[in-house]
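Chemist: Please see the structure below; I have some questions.
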Amino acid sequence: MQQIPRRTAYNGVMRSPPIFVTAGIILAVLAGCADRYEVPPAEAAFGREVSDQVFASAIGLLNTVDDFQSEDALVQVVNRLNQWIAVQQPIAHWQPDPLVAELPQELRDTPLMKSLGELRFAGPDGLALEESVWLREAARFAVGSEIDPLERAKLLFDWTIREIELDEPSSDSSTDPLPRLPWQIMLVGRATAEERAWIFALLARQQGLDVVLLAAGGDAAKPTGLAALLHGGELYLFDALLGVPIPAVDGHAVATLAAASVDQAVLEQLRIDDDSPYRLTPAELKSLVALIPASPQDLSERMALVEARLAGPQHMALVVDASGLAAELEKTKQVSDVRLWQVPIGRRRANTPAMRSRLQAEFAPLRAVRGQVLWKARVLHLCGRLSGEHGALAEYQRARPSNDDINLALATKRLEKEYEPAIRGGKLAASYWLGVASLERDNLDAAIDYFKDRVLAIDPESPWSEGARYNLARTYEALGRNADAIRTYQNTHGPQRPGNLWRARQLAIAAKKNRAANEDGRGR
């Protein structure tokens, strides 16, 4: 089972001066596996009316995203749901999705997969429910009032690319990537291209949209970095590596897989320059494997019972009809096979001590100030709660102790020297996310200030530098400062660089067309 950083309850809003964590908090042990997560037994069955009240209280607690959710709160959610489900009737003729049987035996034998039909909740279910709340709220914030399915997908994809910085591939082939779960990816704001596509698919699911990952065929499906929205019988393509929807040849809509597999002009648009063709050819898109992202919880009977009870603002997608989706996908000519994606299931297995240590180190900046203010700010940001005295913007500011405060804490031994990097790393992350939130609020001057002066000027090679350059260029675009945007896109060096260069090229092409149109107008 996935190991998670332990969380403590939020102990109140920090004012000045900040109180730093002790060594004991920084080095808190990561939570245990699913089968070691201690959950008190459910109470004896009781009346239906009381059961409904217990369910409502569990969901109410889960939905209080404005409050910092402690691990204790999630344990309460799990316990109340166990009290509720103890008097529920099982779903008639329920069986695991047929696609489960096609998974490798080692995945089918994991504890969570073996308990798909158990009507009892455990610790990982609480985390999965909280994750679904974050995804639902983020999706609602991203799409706003848009109702067109394709436009909503574009907004969700754009949110994903802004919020989730593309990770550098490992320079050591023997070093496995961090096995982050979706809630961890969203919190730290970093991911591989496939993980970006995963987050996009989960956001889309909360909006009632079907998004899958596309892979090359063969015994082991090879990821392409493409995600696809199934809409109106067509698969619309989104490139999670470049960070752009693949445009149709008219330059406005999103290209379909059917068009890209037969028309070279579709992929030719994605050239960075004359010497850099797109990484895929139409021939490679003629026979693909569609991968459906689904966790064990998404395939369980207990989550199906919960989802059936949720309505209105509380509704969220908790289960996946994988076989039903597969039947629709198989109608598309270019899809040769449909499978459950193994990654969401495999990441529920236990991590090695070395991997737990790496995860703990990655989360240290989020937990480096007492009260875990940066963690709280990030959750509020993800859920679209930006404004107000206790919104994400205010909490990010509280996670940015001044250099004088940090130096004083070091001098008075309230902060040990070895934990200074986590404090300063958290401050830099808060500055970066303040820039992202400012961009999302159309406070563009503030966004430029955070990206340029409070991230790039502080450390041009920090973990956030490439994300800051990308979002700074997006900010310049929003202001119509296209020359600045082009220069900023071109001044990038990380894995997002190909996508940035493509954006720069598109701006240059548009500028050339505008100049030609203006000259033509003057000639007349």
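The values are calculated or read from the model by the stated rules, or taken from the named source; none is laboratory data. Everything numeric here is computed off the predicted structure, so don't read it as measured data. So basically every Cβ, Gly included, is an ideal-geometry build from the backbone, and we count neighbours across all protein chains shown. Each accessible area value is taken on the protein alone, full model and side chains, heavy atoms only, with ligands, DNA and RNA left out. Shrake-Rupley method; radii C 1.70, N 1.55, O 1.52, S 1.80 Å.
Chemist: Would you pick out the residues in segment 350-379 that are under 30 Å from residue 98 (Cα atoms) and buried (at least 19 other Cβ atoms within 10 Å of the Cβ)?
Modeler: 351, the sole residue that qualifies.
Chemist: Given the residues 108, 120, which is the only one that is without any contact (Cβ under 8 Å) to a residue 40 or more places away in the chain and surrounded by 15 or more Cβ atoms within 10 Å (Cβ to Cβ)?
Modeler: On the way: 120 fails: without any contact (Cβ under 8 Å) to a residue 40 or more places away in the chain.
From the options 108, 120, the qualifying one is 108.
Chemist: Looking at segment 384-404, which of the residues that are over 17 Å from residue 454 (Cα atoms) and not basic (Lys, Arg) is farthest from the chain's Cα centre (by Cα)?
Modeler: Ranking the qualifying residues of segment 384-404, first place goes to 389.
Chemist: Look through segment 279-294, keep the residues that are part of a loop (DSSP other than H, G, I, E, B) and open to solvent by less than 10 Å² (accessible area, probe 1.4 Å), and return whichever of them is farthest from residue 331 (Cα to Cα). Please lay out each step first, then the result.
Modeler: The first filter runs over segment 279-294 and keeps only residues part of a loop (DSSP other than H, G, I, E, B), leaving 279-281, 286-287, 293-294.
After this cut, where a residue has to be open to solvent by less than 10 Å² (accessible area, probe 1.4 Å) as well, the list is 293-294.
On the way: 293: 19, 294: 21 Å.
For segment 279-294, the residue satisfying everything is 294.
Residues checked against (1) modelled with pLDDT of 95 or more; (2) outside any strand (DSSP E or B):
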{"residue": "205", "(1), (2)": "yes, yes"}
{"residue": "219", "(1), (2)": "no, yes"}
{"residue": "224", "(1), (2)": "no, no"}
{"residue": "228", "(1), (2)": "yes, no"}
{"residue": "249", "(1), (2)": "no, yes"}
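Chemist: Something else about it: How about segment 272-316: which of its residues are within 24 Å of residue 228 (Cα to Cα) and aliphatic (A, V, I, L, M)?
Modeler: 272, 280, 283, 285, 288, 289, 290, 291, 292, 294, 299, 316
Chemist: Look through 434, 408, 415 and report the one residue that is hydrophobic (A, V, I, L, M, F, W, C) and under 16 Å from residue 455 (Cβ atoms).
Modeler: The unique qualifying residue is 434.
Chemist: Checking the structure you have, find out if any residue of segment 141-159 is at pLDDT 95 or above and under 30 Å from residue 81 (Cα atoms).
Modeler: Residues of segment 141-159 that are at pLDDT 95 or above, as a first pass: 141-159.
Adding the requirement that they be under 30 Å from residue 81 (Cα atoms) leaves 141-142.
Checked against the condition, which is being at pLDDT 95 or above and under 30 Å from residue 81 (Cα atoms), segment 141-159 yields at least one hit.
Chemist: Mind checking whether some residue in segment 396-417 is open to solvent by 80 Å² or more (accessible area, probe 1.4 Å), part of a loop (DSSP other than H, G, I, E, B) and touching a helix residue (DSSP H, G or I) at 6+ places or on another chain (Cβ under 7 Å)?
Modeler: Checked segment 396-417: at least one residue is open to solvent by 80 Å² or more (accessible area, probe 1.4 Å), part of a loop (DSSP other than H, G, I, E, B) and touching a helix residue (DSSP H, G or I) at 6+ places or on another chain (Cβ under 7 Å).
Chemist: Next question, about the same structure. Tally up the residues in segment 447-502 that are among the polar types (S, T, N, Q) and within 24 Å of the chain's Cα centre (by Cα), please.
Modeler: 7
Chemist: Being more than 19 Å from residue 399 (Cβ to Cβ), in contact (Cβ under 8 Å) with a residue 12 or more places away in the chain, open to solvent by less than 60 Å² (accessible area, probe 1.4 Å) and among the aromatic types (Phe, Trp, Tyr): is that true of residue 470 here?
Modeler: yes
Chemist: Now for a separate question. Taking segment 230-247, which residues are among the charged types (D, E, K, R) and part of a loop (DSSP other than H, G, I, E, B)?
Modeler: Across segment 230-247, there are no qualifying residues.
Chemist: Considering 432, 470, 450, 419, which residue is of a type outside the set (S, T, N, Q), over 17 Å from residue 159 (Cβ atoms) and at pLDDT 90 or above?
Modeler: On the way: 432 fails: over 17 Å from residue 159 (Cβ atoms); 470 fails: over 17 Å from residue 159 (Cβ atoms); 419 fails: at pLDDT 90 or above.
Among 432, 470, 450, 419, only 450 is of a type outside the set (S, T, N, Q), over 17 Å from residue 159 (Cβ atoms) and at pLDDT 90 or above.
Chemist: In contact with a Gly (Cβ under 6 Å, 6 or more places away or on another chain), open to solvent by 10 Å² or more (accessible area, probe 1.4 Å) and touching a residue at least 40 places away in the same chain (Cβ under 8 Å) - does that describe any residue in segment 243-264?
Modeler: There is no residue in segment 243-264 that is in contact with a Gly (Cβ under 6 Å, 6 or more places away or on another chain), open to solvent by 10 Å² or more (accessible area, probe 1.4 Å) and touching a residue at least 40 places away in the same chain (Cβ under 8 Å).
Chemist: Got a number for residues in segment 326-349 being touching a helix residue (DSSP H, G or I) at 6+ places or on another chain (Cβ under 8 Å), among the charged types (D, E, K, R) and either open to solvent by less than 20 Å² (accessible area, probe 1.4 Å) or more than 26 Å from residue 235 (Cβ to Cβ) (or both)?
Modeler: Matching residues across segment 326-349 total 1.
Chemist: Kindly indicate whether residue 507 is under 25 Å from the mean Cα position of the chain (by Cα) and of a type outside the set (Lys, Arg).
Modeler: Numbers: under 25 Å from the mean Cα position of the chain (by Cα): no; of a type outside the set (Lys, Arg): yes.
Judged against the criteria, residue 507 is not a match.
Chemist: Consider residue 190 carefully, then state whether it is open to solvent by 10 Å² or more (accessible area, probe 1.4 Å) and modelled with pLDDT of 95 or more. Even if it seems obvious, please write down each step before you answer.
Modeler: Details: open to solvent by 10 Å² or more (accessible area, probe 1.4 Å): yes; modelled with pLDDT of 95 or more: no.
It is false that residue 190 is open to solvent by 10 Å² or more (accessible area, probe 1.4 Å) and modelled with pLDDT of 95 or more.
Chemist: From the set of residues in segment 233-278 that are hydroxyl-bearing (Ser, Thr, Tyr) and more than 23 Å from the chain's Cα centre (by Cα), which is farthest from residue 334 (Cα to Cα)?
Modeler: 276
Chemist: Would you point out the residue of segment 132-141, among those that are crowded, with 19+ Cβ neighbours inside 10 Å and either touching a Gly at 6+ places or on another chain (Cβ under 8 Å) or acidic (Asp, Glu) (or both), that is nearest to residue 74 (Cα to Cα)? Break it down into steps so the answer makes sense when it comes.
Modeler: First pass over segment 132-141, keeping only residues crowded, with 19+ Cβ neighbours inside 10 Å: 132-139.
Those left that are additionally either touching a Gly at 6+ places or on another chain (Cβ under 8 Å) or acidic (Asp, Glu) (or both): 137-138.
Values: 137: 18, 138: 20 Å.
Ranking the qualifying residues of segment 132-141, first place goes to 137.
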